[in-house]
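Engineer: Before anything else, here's the structure in question.
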Amino acid sequence: MMTKTAILIADEDREHLEHVKHLLLEQNYEIFCTVDGDQALFILQQNKIDLLITNFQLSLVNGNKLYKLAQAQHQLLPILITTNSTALAETLVASQRGIYAFIAKPVQPVHLTEITRNALRSTKRRNNTDWKSGILTCTKEMEKLLDQAHHVAESNINVVIQGAKGCGKKLLAKAIHSVAANDKKPFIYIDCAKLDEDQLNEQLLNNLNKDTKATIFLDNINKLAAPLQLSLLTSLQSCQRAIAAAPNSDSDLRIICSCKINLEQIMLQGYFDKELFYLLNIITLSIPALRDRVEDIPLLTRHFLAEHSLKHNRKVRNISPGALHLLAKATWPNNVQQLGEVVKQVVIDSTSPVISEKLIASIICDDNTAMLSFNQARANFERDYLTKVLQVTEGNVTHAARIAERNRTDFYKLLNKHGLSPVDFKQKNRRSRNNKLEQKLLG
């Protein structure tokens, strides 16, 4: 016998709760109801719940909000929030937190039925990882980013993807597009760094209308010239008005932009149109640099190794531990893209089925390292710590040693180890006091 889809409704508004319960029972769902936050959490722990319908206010005895704990403990559970206000600001906060959608009170039967079905379909899609198959990672930070990207993809809001060169901004944009894309919805790539007025009109503006069905990816949005920014803003606003004036419009338009640097800072400095920024930058997704996710390097390296070995008909099957060590230490200014190019080169150059440390060393010329050795990291910490202690005590070794909980002899040994002199800190502070006194006398 097929198990029914289970929905939990948790709301202190009993009248509203009974109304929603009645509507959903007509759809043949299994319904759990409660007006108590703690009871709701217990139901979630004891039953397989497919959807939670609650509000922002419902709390547990310890003061925690139900929806926050539900998100933390049941990450794939879609959550619908009922509210008296569906203001855009709240909706944006919800999108960032991973809430599926808002439902305005009083709940309308047709809307509730549609949004419930969509939320349940969303869960099934999330369990299917095909959409993100091109993005390889084993780090929690990247998995969290992908989870957020999937939530964003299920709505039709505009997105800005920030990240350094080569970190995979276009790849993430395509992943977002693929969540709900079909053959009728193309992915249109436009490099804003190479646009002039005619190209903008040809590639983008002429395609913006109330019946648009596309994901438009504007790469390097920060490099769009000022006159083109105004043209783009005018066209997007016109498109929005046309869609709003046609309730039955079949439009399915999403704008995804990419930027190598912080777009908000560029806007605040006056180099990017403010209205255009707020129109495009509904949600920001930031991709970490490869040096900040070094755990992914072995996974990515073996992926590129298999890919290029097949593509170039080479019998390279593995990489030595020493070679992986060198790759993990590199800074990778051009990120995943650069790693792929390095692996491609060593696959072509290798005369052995195993990539050697020597071959990697001959290609990578990088004095800086992304991952410090334990001794290096400890030494850096020690020097930074000692410097701060000497600054706080103005070079007084007795007080500094007391803060560090070391005797004076040991403390002096640590200072000598790192080439630090208490006198330097005393002189610095004396000069600072003298300068202040001089300024006071002259003033």
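Engineer: Once phi is turned into ³J(HN,Hα) by the Karplus curve 6.51 cos²θ - 1.76 cosθ + 1.60 with θ = phi - 60°, what whole-Hz value does each residue of the stretch 312-323 show in order, with x for glycine and proline?
Structural biologist: Once rounded to whole Hz, the list reads 9, 6, 10, 9, 9, 10, 8, 9, 6, x, x, 5.
Engineer: Same structure again: Indicate, rounded to the nearest 5 percent, the antiparallel portion of the DSSP beta bridges found entirely in the chain. Could you put the intermediate results ahead of the total?
Structural biologist: Numbers: 1 of 37 bridges.
Percent antiparallel among DSSP bridges in the chain is about 5.
Engineer: Just the Cα atoms of the stretch 136-287: what Rg and Dmax do they give in Å?
Structural biologist: 15.1, 46
Engineer: Going toward the positive end of the dipole of the chain, with +1 on Lys and Arg Cβ and -1 on Asp and Glu Cβ, which of Ser133, Leu172, Pro298 do you reach last?
Structural biologist: Going by the Cα projections, it comes out as Pro298.
Engineer: For the residue pair Asn47 and Asn62, what label-to-label distance in nm results when each label sits 7 Å from Cα along the Cα-to-beta-carbon direction?
Structural biologist: In this crude label model, Asn47 to Asn62 measures out at 2.3 nm.
Engineer: What do you get for the angle between helix 408-417 and the principal long axis of the chain? Use alpha-carbon atoms, 0 to 90 degrees, nearest ten.
Structural biologist: Tilt of helix 408-417: around 80 degrees.
Engineer: Taking GluC sites (Glu not before Pro) as candidate sites, keep only those in a DSSP loop with at most 15 other Cβ atoms within 10 Å, then name the longest stretch of the chain containing none of them.
Structural biologist: Values: sites that count: Glu12, Glu26, Glu405.
Counting at most 15 other Cβ atoms within 10 Å as exposed, the longest clean stretch of the chain is 27-404.
Engineer: Just to check I understand the Karplus step: with θ = phi - 60° and J = 6.51 cos²θ - 1.76 cosθ + 1.60, what whole-Hz values come out for the stretch 57-74, glycine and proline as x?
Structural biologist: Couplings: 8, 4, 10, 9, 4, 7, x, 5, 7, 4, 5, 5, 5, 4, 5, 5, 8, 9 Hz.
Engineer: If r is the Cβ-Cβ distance from Lys358 to Arg408 and R0 is 41 Å, what FRET efficiency results, to the nearest 0.05?
Structural biologist: Details: r = 48 Å, r/R0 = 1.18.
Plugging the Cβ-Cβ distance into 1/(1 + (r/R0)^6) gives 0.25.
Engineer: Compute, for the stretch 6-127, the length of the dipole vector about the Cα centre, with Cβ point charges of +1 (Lys, Arg) and -1 (Asp, Glu) only. Units Debye, rounded to 20.
Structural biologist: Numbers: 12 positive and 12 negative charges, 124 e Å.
That gives the stretch 6-127 a dipole magnitude of about 600 debye.
Engineer: Between Asn375 and Asp198, what length in nm is gained on full extension when 0.36 nm per residue of separation is reduced by their alpha carbon distance?
Structural biologist: Details: separation 177, 0.36 × 177 = 63.72 nm, distance 5.75 nm.
Between Asn375 and Asp198, full extension yields an extra 58.0 nm.
Engineer: Please compute the modelled spin-label separation between Asn84 and Thr123, points set 7 Å along Cα→Cβ, answer in nm with one decimal.
Structural biologist: Calculated label separation equals 3.0 nm.
Engineer: Extension gain Glu341-Glu12, at 0.36 nm per residue separation less the Cα-Cα distance, in nm? Could the numbers behind the result be given before it?
Structural biologist: Numbers: separation 329, 0.36 × 329 = 118.44 nm, distance 5.77 nm.
Fully extending the segment from Glu341 to Glu12 adds 112.7 nm.
Engineer: Here's something else I'd like to know. Residue by residue through the stretch 290-303, what is 3J(HN,Hα) from phi via Karplus (6.51 cos²θ - 1.76 cosθ + 1.60, θ = phi - 60°)? Round to whole Hz and write x for glycine and proline.
Structural biologist: Values, residue by residue: 4, 5, 9, 9, 4, 4, 7, 4, x, 4, 5, 4, 5, 5 Hz.
Engineer: Pick from Ile49, Ile363, Ile403: which is most flexible by mean-square fluctuation in a GNM of the chain where alpha carbon atoms under 10 Å apart are linked?
Structural biologist: The residue with the greatest mean-square fluctuation here is Ile403.
Engineer: Now, a different point. Measure off 7 Å from each Cα along the Cα-to-Cβ vector at Lys388 and Lys140, then give the distance between these two points in nanometres to one decimal.
Structural biologist: Between Lys388 and Lys140, the label points sit 2.2 nm apart.
Engineer: Report the Cα-based extents of the chain along its three principal axes, largest first, to the nearest Å.
Structural biologist: 80, 61, 61
Engineer: Please get the size of the charge dipole for the chain, origin at its Cα centre, with Cβ charges of +1 on Lys and Arg and -1 on Asp and Glu, quoted in debye to the nearest 20. Mind showing how you got there, number by number?
Structural biologist: Values: 55 positive and 46 negative charges, 378 e Å.
Dipole magnitude for the chain comes out near 1820 debye.
Engineer: Now for a separate question. Calculate how steeply helix 169-179 sits against the longest principal axis of the alpha-carbon atoms of the chain, using the helix alpha-carbon long axis, and give the answer as 0 to 90 degrees to the nearest 10.
Structural biologist: With rounding to tens, the tilt is 20 degrees.
Engineer: State which stretch of the chain is the longest one without any exposed trypsin sites (Lys or Arg not before Pro), exposure meaning a DSSP loop state and at most 11 other Cβ atoms within 10 Å.
Structural biologist: On the way: sites that count: Lys4, Lys48, Lys184, Lys315.
It works out to 49-183.
Engineer: If I build a Gaussian network model for the chain, linking alpha-carbon pairs within less than 10 angstrom, which residue out of Gln199, Gln162, Gln229 has the largest mean-square fluctuation?
Structural biologist: Per the Cα network of the chain with a 10 Å cutoff, Gln199 tops the list.
Engineer: Further, regarding this structure: Beyond a 32 Å Cα-Cα separation, which of these cross-linked pairs lie in this structure: Lys169/Lys344; Lys140/Lys413; Lys185/Lys260; Lys174/Lys329; Lys140/Lys344; Lys48/Lys144? Write out the running numbers ahead of the final one.
Structural biologist: Values: Lys169/Lys344 21 Å; Lys140/Lys413 40 Å; Lys185/Lys260 27 Å; Lys174/Lys329 30 Å; Lys140/Lys344 27 Å; Lys48/Lys144 23 Å.
Distance filter (> 32 Å) returns Lys140/Lys413.
Engineer: What residues qualify as long-range amide H neighbours of Lys213, i.e. H under 5 Å apart, gap of 5 or more or another chain, H built at 1.01 Å from N?
Structural biologist: Asp252
Engineer: So, one more: Which residue fluctuates the most in the chain, going by a Gaussian network model with Cα springs under 10 Å, if the choices are Leu51, Leu25, Leu146?
Structural biologist: Residue with maximal mean-square fluctuation among Leu51, Leu25, Leu146: Leu25.
The numbers here are math on the coordinates, done by the rules we state, and not lab data. Given the structure is predicted, the values throughout are model-derived calculations rather than measurements. Reconstructed Cβ throughout: ideal geometry from the backbone, glycine too, with neighbour counts over all protein chains shown.
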